[in-house]
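A quick write-up on the structure given underneath.
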Amino acid sequence: MFGMWTSYDNYIDALKAISEPTRFRLVRLCAQGELTVSELMRIVGQSQPRVSRHLKLLQDAGILERFREQHWVFYRVVQEEHYQLLVSGLINQIEKNETIIQLDQSRLIELQAARATLSETFIETELPDWLRLHEYHGDTARFESAVQDALAEKTVGHFLDVATGTGRMLKIVGPLATSGVGIDLSKKMVTVARSVLAESGLAHLTVRQEDMYQMRFAARYFDTITIDQVLYFATNPDALIKETARVLKYGGRLLVVAFTASKTAKTPPSVGIELSDIQQWIESAGLKITNTNILPGDSLDISLLVSEKAKDAT
């Protein structure tokens, strides 16, 4: 029921940590997404020292992980399967109509609504130019289906979306992944994407503020990586794909999505890049292109290129 534990002591420590009432509440909240100490304080109605102490014990027991984002520290349930199964199994034993559970949940919903309002305000007033390119995608269902078909041959596994923006690719590919991360250098876009994950119920995914040219991930860390409409705006797309290849596992796949010039358009918008350039960048990174699908558009085509990392690649 609870997966494979390599240590009896670790399993008992995890049970002991969760068994305290406040820590159970914190774990239940963090299982639904990443939250800061101040947010958790507002939900459970306890002081910063007490909440921080409980979080530290849960982290020491291996149940929660923490990460820093500028001045904020976020907590979430770790993604290892045996911890996920343990937490979900315990949480599901409690009726959702319990008074304390209902109160926590209503406060969490209020907090998520406030996050969503901030995200909507940003999108309406400061929407980056590159996000406006989505209007050229045409039928959304057709695009989503093409992305899922492109990745259908293998399991998605541990997933990375580079320059995630509003988290659109996280929403499309995330349900197929066992775990995943979206990165973006913009703090505001990370806030937007985090809100999208909460609204979509994708608690097994996370977002990080990260430089796509110098990612703080170990080599060969991800099974599947996507780069969606980023290359045109990248100052050095060749270096970006090389850095992406570095964190891709042997046998892992990279999906590049880019607007390319439509053969039928008389005056296409100047946002496309040459398909041959993309192919050259991918191949120079040591990846082998296995599939190319072009979705025709009125002004621009959408090219989806899937490549794999061979075992002898650097």
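Since every read-out is calculated from the coordinates, none of them should be taken as a lab result. Small disclaimer: the values here were computed from a predicted structure and weren't measured. Neighbour counts run over all protein chains shown; Cβ positions are idealised from the backbone, glycine included.
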Hey, if you put +1 on the Cβ of every Lys and Arg and -1 on every Asp and Glu Cβ in the stretch 192-257, which of Gln214, Val192, Tyr250 ends up farthest toward the positive end of that dipole?
Tyr250
Filtered hits (aspartates and glutamates, Cα-Cα < 16 Å from Lys154, offset >= 8 within chain) -> Asp223, Glu308
What is the distance, in nm, between label points placed 7 Å from the Cα along the Cα-to-Cβ direction at Ser200 and at Asn291?
1.9 nm
Which of the lysines could a cross-linker bridge to Lys242, judged by Cα under 22 Å and excluding same-chain residues fewer than eight apart?
Lys288, Lys309, Lys311
Would you please give the FRET efficiency between Ala218 and Asp9, computed as 1/(1 + (r/R0)^6) with r the Cβ-Cβ distance and R0 = 25 Å, to the nearest 0.05?
0.40
Given points 7 Å out from each Cα along the Cα-Cβ axis, report the Phe233 to Lys16 separation in nanometres with one decimal.
5.0 nm
Stretch gain in nm, segment Val73-Arg53, where the contour uses 0.36 nm per residue and the Cα spacing is subtracted
5.8 nm
Percent of Cα-Cα distances greater than 16 Å, calculated over the stretch 56-109:
58 percent
Mean projection area, nm², convex hull over Cα of the stretch 135-226:
6.2 nm²
Expressed in nanometres to one decimal, the distance between label points 7 Å along Cα→Cβ at Leu185 and Ala141 is 3.8 nm
Using distinct alpha-carbon pairs, which all enter the 1/r mean, Kirkwood radius of the chain in Å:
21.0 Å
